[in-house]
Amino acid sequence: MLGLAGAALNGWFGAVVPRLREAEELRARAGCRQNLTVIAQAIRQYRHLHGGRFPTCLEELVLEELLAEGHTRCPGPLLMQGQRGGYLYVPPPAGAPDEPYAPLVCDAAMDNHHGRGGWVLRRNGRVDWVYPPQFGQLLSEWAERGAVSRPDTSARPSSTHVR
Ligand SMILES: [Zn+2]
């Protein structure tokens, strides 16, 4: 084994760097899921205060101090490229039938998690990881419907726009 130190070292670099990235991505995924859980609570509180009405955008939750601004950003792009990724939010139309599994909030771009999918918060508060191609389909459907993403207030490049 000692005679193979060079080869072992190369193997170490080969294995450890992707493992570090993997650990960062897992941490980003956990943080992102937590964000959506907190957003779900904030939306519930908002609806309680506004006679069942959904907020028009996530920024409204921040303005009403129901949600900390930090929770409106996916930590994935922040960890990996120093960029900030946002979330898309599509409130159900007023008077729409109750669809508990319909998506309400999701990662705004496939890039938020390296093209491997994204988190989706459903109207019933459930948070699911959705893999491509279904996640890509959701993003393009929402882009067509003019999904409301959080307005970007930072000067940095942002992923709040699909495409
Ligand atoms: Zn995310």
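The values are calculated or read from the model by the stated rules, or taken from the named source; none is laboratory data. Computed from a prediction, not measured in an experiment: that's the story for all the values here. With ideal geometry, Cβ positions are generated from the backbone for all residues, glycine too; neighbour counts draw on all protein chains shown.
Table for the structure above
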{"quantity": "Test: residue in region 107-130 that is among the hydrophobic types (A, V, I, L, M, F, W, C), away from the ligand (no atom under 16 Å from the Cβ) and surrounded by 14 or more Cβ atoms within 10 Å (Cβ to Cβ)", "calculated": "no"}
{"quantity": "Among the residues listed as ARG33, ARG53, ARG73, the single one being surrounded by 12 or more Cβ atoms within 10 Å (Cβ to Cβ) and either farther than 21 Å from VAL130 by Cα or at pLDDT 95 or above (or both)", "calculated": "ARG33"}
{"quantity": "Matching option when the condition is surrounded by fewer than 18 Cβ atoms within 10 Å (Cβ to Cβ) and part of a helix (DSSP H, G or I), among ALA42, ALA96, ALA143", "calculated": "ALA143"}
{"quantity": "Test set (1) assigned to a loop (DSSP other than H, G, I, E, B); (2) at pLDDT 95 or above - CYS106 fails condition number", "calculated": "(1)"}
